[in-house]
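Inspection log for the structure reproduced underneath, given as C-alpha cells.
The values are calculated or read from the model by the stated rules, or taken from the named source; none is laboratory data. What you see is a predicted model, and the numbers here were worked out from it, not measured in a lab. For neighbour counting, all protein chains shown are included, and Cβ atoms are generated from backbone atoms with ideal geometry for every residue, glycine included.
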Amino acid sequence: MKRIILIAVLALFACTQKPLPIVKEQPPRPEERYAIAVEYVAVPAASIYALPSPGAAVTGSYGMTEAVSILGKKGDWVEVRTFGGTGWMRQADLVAGDVAAKMDTKTPRFYLPPKEVPFGGNGIISLHAKVNTDGDVIEVKTLSNTTGSARIAEANAAALKEAKFYPVIEDRARKIFTYEHRVYY
C-alpha cells in the first residue's frame with residue numbers, strides 16, 4: 001500500500017511541474033570574442049566586406065600598418081573586429097607583426113606604378129609629384145623635358161597622376177611627400 005501511495009504522490013508531483021525552459025546559448029558579442037591573432041595591413045588601404053566575398057558590400061577599410069584583430073578564418077578570408085562589430089578582409093592584405101616591423105614605410109615606393117607611355121624618340125622627362133597621406137598623386141609638374149615633345153611630357157604627367165604610392169609613415173603618422181620621377185627614352 002505504501003508503494004501505491006508513493007507512486008501516486010510522485011505521479012501527481014510530476015504532472016504539476018512546469019517543464020524547464022530550453023535556453024539557447026547566445027553567441028558572444030564581437031567585442032567579447034577573443035582574437036586568434038593580430039596582423040597588420042600591408043597595402044595602402046584594405047577593404048572590409050560584410051561577407052567573405054569580393055562581391056559583398058564594403059563596410060569600411062583599414063590603412064597601411066594598422067593592427068587588425070582576427071576573430072576567425074574562412075578560406076582566403078579572415079573575420080576581423082571593427083568599430084561596428086565584425087567584417088571580412090582578404091588574408092593576402094595582411095602580414096604578421098615581424099614582417100610589418102621590417103616594412104620600409106619611410107621611402108616613397110609605388111603600389112601601382114604609372115603606365116608606360118610609348119615614344120619613338122630619345123630624351124629624359126623629369127616630373128615632380130605631390131602625394132597625399134593616402135598615397136594618391138594630387139599634383140604633377142614637369143621639371144624638364146629633353147624629348148622635344150610637350151605631348152609626351154603631358155602624357156607621362158597624366159600617367160603619374162593615375163599612379164598610387166604606399167603611404168609614407170614616420171613616427172606612426174602618415175606624411176604628405178613629394179617624389180621626383182624620371183622617364184628615359
Enumeration of residues in region 132-163 that are farther than 13 Å from PRO113 by Cα and of a type in the set (A, V, I, L, M, F, W, C): ILE138, VAL140, LEU143, ALA150, ILE152, ALA153, ALA155
Residue count, region 24-39 (criterion: part of a loop (DSSP other than H, G, I, E, B), at pLDDT below 70 and either among the hydroxyl-bearing types (Ser, Thr, Tyr) or surrounded by 14 or more Cβ atoms within 10 Å (Cβ to Cβ) (or both)): 0
Residue check for VAL137: buried (at least 16 other Cβ atoms within 10 Å of the Cβ) and assigned by TED's automatic domain parsing to the domain that holds LYS164: yes
In region 48-107, residue farthest from PHE177 (Cα to Cα) [restricted to those that are within 11 Å of the chain's Cα centre (by Cα) and among the acidic types (Asp, Glu)]: ASP93
Leading residue by the ranking (farthest from ALA50 (Cα to Cα)) among those in region 82-124 that are of a type in the set (A, V, I, L, M) and in contact (Cβ under 8 Å) with a residue 60 or more places away in the chain: ILE124
Residue match in region 145-156 (condition: closer than 11 Å to HIS181 by Cβ, among the aliphatic types (A, V, I, L, M) and surrounded by fewer than 17 Cβ atoms within 10 Å (Cβ to Cβ)): no
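Looking for whichever is surrounded by 11 or more Cβ atoms within 10 Å (Cβ to Cβ), modelled with pLDDT of 95 or more and under 19 Å from ALA45 (Cα atoms) here; the options are ARG90, ARG81. Which one fits? Spell out the reasoning first.
Values: ARG81 fails: modelled with pLDDT of 95 or more.
On inspection, the qualifying residue turns out to be ARG90.
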Any chance ASP171 is surrounded by 14 or more Cβ atoms within 10 Å (Cβ to Cβ) and either free of Cβ contacts under 8 Å to residues at least 40 places away in the same chain or over 18 Å from ALA37 (Cβ atoms) (or both): no
